[in-house]
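What follows is a short report on a single structure.
The values are calculated or read from the model by the stated rules, or taken from the named source; none is laboratory data. All of these numbers come straight from a predicted model, not from anything done at the bench. Quick reminder, even Gly has a Cβ in these numbers, built from the backbone with ideal geometry, and neighbours come from all protein chains shown. With ligands, DNA and RNA removed, areas are computed over all heavy atoms of the protein, side chains included. Shrake-Rupley method; radii C 1.70, N 1.55, O 1.52, S 1.80 Å.
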Amino acid sequence: MIRLLQQDSRIMKIIFAVIIGLAAVTMVITLVPGIFDNASTSDSTVYATVKEPGFFGRTFGESTAIKAVEVNQLASRQLQQQRLPEQLLPYLLPRAGQILVQRAILKHEADRMNLQVSDEDLRRELQTGPFAQYLFPNGNYIGDDAYINFVSSAFGNQLSRAEFESQVKSDMELNRLQALITGGVTVSDNAVREAYKTDGTKVKFDYVVVSADDVRKGVNPSDAELQDFFKKNATRYASAMPETRKIQYASFDASNLPGGKPQVSDADVLAYYNAHKDQYQVKEQVKTRHILIAVPAGADAKTDAAAKAKAEDLLKQIKAGGSFADLASKNSDDPGSKTQGGELPLFPTSGLDPAYAKAAMALNPGQTSDVVKSQFGYHIIQTEEKQPAHLKPVAEVKAEIVPVLEQQKAGATEQAFATALAADAKKNGLEKAAAAKGLHVVTTDYVAKDGVVAGLADGSALLAQAFGTAKGADPASVSTGDGFAVFQVADVKPAHAPDFATYKAHILEDYREQQVPQLLNTELTRLDARAKELNDLKKAAAEMKLAVKTSDLVGKDGQVPDLGAMSGPGAVAFTLAKGAISGPINTGRNGIVLSVVDKEEPTAEDIAKNFNATREKLLDQQHQEIFSVYIGELTQKYEKGGAVRYSKSQPVPGGSPFGN
């Protein structure tokens, strides 16, 4: 029971993201190109509204509003799932909006076709579908409170139970629509056999690698050739040397403050404590042992009575001197605690079943309850420790508060000191102002914007601000990680072209980079031509002093060193006869020529064994393709019918740099 109540919310988030966020219909929607260019509305809280197309639908039809917050939530989930940086969120918003708008369009069509999902349909889905293991483990309903906790944990309190069930209903309805649209799709037996024959074939081959790195090493131009390359690419190198700046600064931390580090008084601590009492509230908690005799949800009276009788018999044994721990280990139906003799950790009563919590708190430590009925069955409870809800006294939390106040006071004092120092430096010069405060002025070498300022814990903020400040501008203050600095830009060297001698190593790398693709292709073509002329890849490789490698017997789902996944460029091997030599295969960083030495096609028995799975795979592919086309055509219909309207303040789908 407790293990269920303490369920890790991250697991639930992953389950929902996989089952709902990446549902089949939504996956298809993301494949449809963004073609939106429609009318707009001025409500900034609404991303878009969808009605049925045509005059009647726009005028009298039901309207579906896609809220801006829903678009942001979906884009944020996609950002987390794809592990993308936060700055890419604006680019995900149009795609998220497209998904939700197209879901709304599909919902309108499903409703028009009377494909609505009833409450009974929903109940059956929750009991038997993907959520059954969480809401009906072993066929037993977890109860309303645990159900609400599940939804809350899965969505971070963003969705109510009613909204969750509405979402599940919507997905079920869209799946019905997809089944209706794609229901007539068939795949011939011959197509299934050919598909598995292709997918099930394995090959073994010799292959020769022409390495781009080896080609690069052979590119050794003369200085005259490099200088000519440098001149011809003058525009490319016009700003190769980045802008640099010489900066003067005086830095300090709390130890340099007049009067030393600010002190925190008891009055300061008490004031902070009184303003943040909610942080120091301790919930009512209880530590117990229990024996659970489970009763399945919806069990009949006979089953319930049998469970109660068993619990009462165990209680008699405990009262007669039986070991609570031993009896729990042998009889309890709570797998999370029975191995510990029924012992549960100190736990807030707000997270327990109400009947269980009430009974546990009514006992004194060491006392054992009578048989207690909860949503999970019958319990015998032994209370070990109780902690009433209380406010931690200020003395107990003072050690936590003091460092916070010290940091706040030091930060405020340092900021004020930096502001005063900058004002003094503006009036009397940085050197004089710093000296008056016992500080030393440091002058950096010319440093780039992404450089390092020696002597500072973190000079990134100083550099960022300095590169936005004009030479000779008034002194300014900036945080340095462990304090502040007041600085001025002493000099600026604009970005400029390097001289040949200084930049020669970079020019050589650029020259090689330009030459490698053509030279790699030339070598690869020469190897291929010679191998086919000799009808022997190994002999051709020996002439060119290249090593020959041999793959394992691999299928399309295999990997081969230097060649990568066999579903990529190496897939050509499956189209060749035994003994045949491929054409040049360019993998980007390498060039490869291969010769098939063995080919193993699936037997008729293999094809028969995998026939049904292959058919399902082909059907699923065709369902996705057909439904994708359907969504595209339906979207165009709604767009042309003026049934989709966007808020003027929202990004319209189609503007993502990721393409469609």
Taking only segment 424-462 into account, find how many residues are part of a helix (DSSP H, G or I) and open to solvent by 60 Å² or more (accessible area, probe 1.4 Å).
-> 8
Answer yes if at least one residue in segment 635-643 is farther than 30 Å from A110 by Cα, of a type in the set (G, A, S) and in contact with a helix residue (DSSP H, G or I) (Cβ under 9 Å, 6 or more places away or on another chain), and no otherwise.
-> no
Exception for D606 within (1) under 30 Å from L524 (Cα atoms); (2) outside any loop (DSSP other than H, G, I, E, B); (3) in contact with a helix residue (DSSP H, G or I) (Cβ under 9 Å, 6 or more places away or on another chain) falls at (1)
I507: under 30 Å from L226 (Cβ atoms), among the β-branched types (V, I, T) and open to solvent by less than 30 Å² (accessible area, probe 1.4 Å), yes or no?
-> yes
From the residues in segment 176-215 that are over 38 Å from the mean Cα position of the chain (by Cα) and more than 30 Å from A577 (Cβ to Cβ), which one is surrounded by the fewest Cβ atoms within 10 Å (Cβ to Cβ)?
-> D214
Of the residues L519, L527, L534, which single one is surrounded by 13 or more Cβ atoms within 10 Å (Cβ to Cβ) and without any contact (Cβ under 8 Å) to a residue 60 or more places away in the chain?
-> L534
Cβ-Cβ under 9 Å pairs, at least 6 apart or on other chains, segment 425-444 side of a type in the set (S, T, Y), far side open to solvent by 20 Å² or more (accessible area, probe 1.4 Å) and at pLDDT 95 or above = T443/K246; T443/Q248; T443/A490; T444/R245; T444/K246; T444/Q248; T444/A490
Inspect all residues belonging to segment 360-375 and state whether any of them is touching a strand residue (DSSP E or B) at 6+ places or on another chain (Cβ under 8 Å) and either on the phi > 0 side of the Ramachandran plot or modelled with pLDDT under 90 (or both).
-> yes
Criterion (part of a helix (DSSP H, G or I), touching a Pro at 6+ places or on another chain (Cβ under 8 Å) and surrounded by 12 or more Cβ atoms within 10 Å (Cβ to Cβ)) met by exactly one of T419, T413 | T413
For segment 282-305, which residues satisfy the criterion of being modelled with pLDDT under 90 and not in a loop (DSSP other than H, G, I, E, B)?
-> V282
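State whether the residues of segment 286-298 include one that is free of Cβ contacts under 8 Å to residues at least 60 places away in the same chain, surrounded by 12 or more Cβ atoms within 10 Å (Cβ to Cβ) and either out of contact with any Ser or Thr (no Cβ under 7 Å at 6 or more places or on another chain) or not charged (D, E, K, R) (or both).
Here is the first cut: in segment 286-298, the ones free of Cβ contacts under 8 Å to residues at least 60 places away in the same chain are none.
The answer is no, given that none of the residues of segment 286-298 is free of Cβ contacts under 8 Å to residues at least 60 places away in the same chain, surrounded by 12 or more Cβ atoms within 10 Å (Cβ to Cβ) and either out of contact with any Ser or Thr (no Cβ under 7 Å at 6 or more places or on another chain) or not charged (D, E, K, R) (or both).
The rows are residues; the columns are (1) touching a strand residue (DSSP E or B) at 6+ places or on another chain (Cβ under 8 Å); (2) at pLDDT 80 or above; (3) part of a strand (DSSP E or B); (4) not basic (K, R).
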site: V28; (1), (2), (3), (4): no, no, no, yes
site: N38; (1), (2), (3), (4): yes, no, no, yes
site: P53; (1), (2), (3), (4): no, no, no, yes
site: E62; (1), (2), (3), (4): no, no, no, yes
site: I66; (1), (2), (3), (4): yes, yes, yes, yes
site: N114; (1), (2), (3), (4): no, yes, no, yes
Selection from segment 216-270 of residues part of a helix (DSSP H, G or I) and hydrophobic (A, V, I, L, M, F, W, C) yields A224, L226, F229, F230, A234, A254, A267, V269, L270
Just one of the numbered conditions (1) in contact with a helix residue (DSSP H, G or I) (Cβ under 9 Å, 6 or more places away or on another chain); (2) loosely packed, with under 13 Cβ neighbours inside 10 Å; (3) among the charged types (D, E, K, R) is not true of K232; which one?
-> (1)
Residue pairs within 6 Å by beta carbon, gap of at least six or interchain, first lying in segment 568-580 and farther than 14 Å from L537 by Cα, second surrounded by 14 or more Cβ atoms within 10 Å (Cβ to Cβ) and modelled with pLDDT under 90, listed first then second, are P569/T587
Taking segment 618-650 and the residues there that are open to solvent by 50 Å² or more (accessible area, probe 1.4 Å) and part of a loop (DSSP other than H, G, I, E, B), the one that is modelled with the highest pLDDT would be K648
Hey, Q415 hits all of (1) of a type in the set (S, T, N, Q); (2) farther than 30 Å from A473 by Cα; (3) touching a residue at least 60 places away in the same chain (Cβ under 8 Å) but one; which does it fall short on?
-> (2)
May I ask you to verify whether A541 is small (G, A, S), at pLDDT 95 or above, farther than 30 Å from Y249 by Cα and open to solvent by 40 Å² or more (accessible area, probe 1.4 Å)?
-> no
Scanning segment 119-169 residue by residue, those open to solvent by 40 Å² or more (accessible area, probe 1.4 Å), within 22 Å of D353 (Cα to Cα) and of a type in the set (S, T, Y) turn out to be Y141, S160
Among (1) among the acidic types (D, E); (2) over 39 Å from the mean Cα position of the chain (by Cα); (3) part of a helix (DSSP H, G or I); (4) surrounded by fewer than 17 Cβ atoms within 10 Å (Cβ to Cβ), where does D278 come up short?
-> (2)
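Give segment 518-542 a look and list any residue that's among the small types (G, A, S) and over 12 Å from A580 (Cα atoms), or say none.
A529, A540, A541, A542
When only residues in segment 190-204 that are touching a residue at least 12 places away in the same chain (Cβ under 8 Å) and charged (D, E, K, R) count, which is farthest from V572 (Cα to Cα)? Show your work before the answer.
Step one: list which residues in segment 190-204 are touching a residue at least 12 places away in the same chain (Cβ under 8 Å), which gives 191-193, 195-204.
In the following step, the residues that additionally are charged (D, E, K, R) were identified as 193, 197, 199, 202, 204.
Numbers: R193: 20, K197: 15, D199: 13, K202: 12, K204: 12 Å.
For segment 190-204, the residue satisfying everything is R193.
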